Amino acid sequence: VHVDEQIVHGQVLQAGRERSPRRRRPAPPPQPPQPSPAGQGKLDPGGHCLAQLLYQPDLLAALDDRCNELRISTLDAEDFNGAVDQAIFSEMVEALSSEGRWDSRALGAGLEASLQERFQHLLDHGASLPALQPSQAVDDLLVVVMRLRIARLRRRLAELQYLLEYAQGEHDQRGIQDYTARVMEHTVSMRHLQQMLNERSWVGKRSRVL
């Protein structure tokens, strides 16, 4: 019987609440920290990225172009850590896709009440950032996107490892083959992104020295 990924994935999120009387299951993967509901305090890389994009929304199209040039997926909501930032990014993309003029105040006013404080905090942080040339700003954002994507792949890899161990415990050969292949795929993607990130970091350090 093939392991139903949705069912087992739900067990990942609820791991520790139920115990099987038949078999000891592997420990669940650690969950990433979530931003505080108030949206205050130091921003993580995803929050910093979102803040800069909210303050300079024109950078998003340029960032997408750079991602396409490097053949990596463009930034999307799932790259952000936390439902609040994901929702704000989705609203921003929808607003940018409309034909009206970008208006951050109107966007903030139209958000749900639970998002408004975080939105304002991000907008204020974006306004406090040092002014950069658009090309430099995009380069910096590209590095952040790579780091966000690596973190996202690492989280998904931990979930797949859990699913693989569960399939092994159930002697589910089809599941073992499926999850093994996906673990390898995610591992290769993560290593490729890490290599690209390392190369960009080396080039940046060299240019500063020269």
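Expressed as a whole percentage, what fraction of the accessible surface of the stretch 154-204 belongs to carbon and sulfur atoms when a 1.4 Å probe is rolled over the protein heavy atoms?
Carbon plus sulfur share of accessible area: 53 percent.
As an exercise, use a Förster radius of 35 Å and the Cβ-Cβ distance of ASP64 and GLU165 to find the FRET efficiency, rounded to the nearest 0.05.
0.40
Just subtract the alpha-carbon distance of VAL183 and VAL93 from 0.36 nm times their residue separation and send over the number in nm, one decimal.
The span from VAL183 to VAL93 would gain 29.3 nm if fully extended.
Which FRET efficiency value, to the nearest 0.05, do you get for ALA109 and SER201 by plugging their Cβ-Cβ distance into 1/(1 + (r/R0)^6) with R0 = 45 Å?
That pair, ALA109 with SER201, gives E of 0.70.
At a 10 angstrom cut-off on C-beta neighbours, averaged per residue, how do the peptides 187-193, 160-166, 76-82, 45-51 rank from highest to lowest?
Sorting 187-193, 160-166, 76-82, 45-51 by mean packing, highest first, produces 45-51, 160-166, 76-82, 187-193.
Modelled label-to-label distance, ARG154 and ARG191, 7 Å Cα→beta-carbon offset: nm?
Here the modelled spin labels are 1.7 nm apart.
Only loop residues by DSSP count here, and only those with at most 15 other Cβ atoms within 10 Å; note down the trypsin sites (Lys or Arg not before Pro) in the stretch 41-145 that meet that.
Passing both the DSSP loop test and the Cβ count: LYS42, ARG71, ARG101.
The values are calculated or read from the model by the stated rules, or taken from the named source; none is laboratory data. What you see is a predicted model, and the numbers here were worked out from it, not measured in a lab. Quick reminder, even Gly has a Cβ in these numbers, built from the backbone with ideal geometry, and neighbours come from all protein chains shown. The protein model used for the area step is the full one, side chains on, heavy atoms only, and it has no ligands, DNA or RNA in it. Shrake-Rupley method; radii C 1.70, N 1.55, O 1.52, S 1.80 Å.
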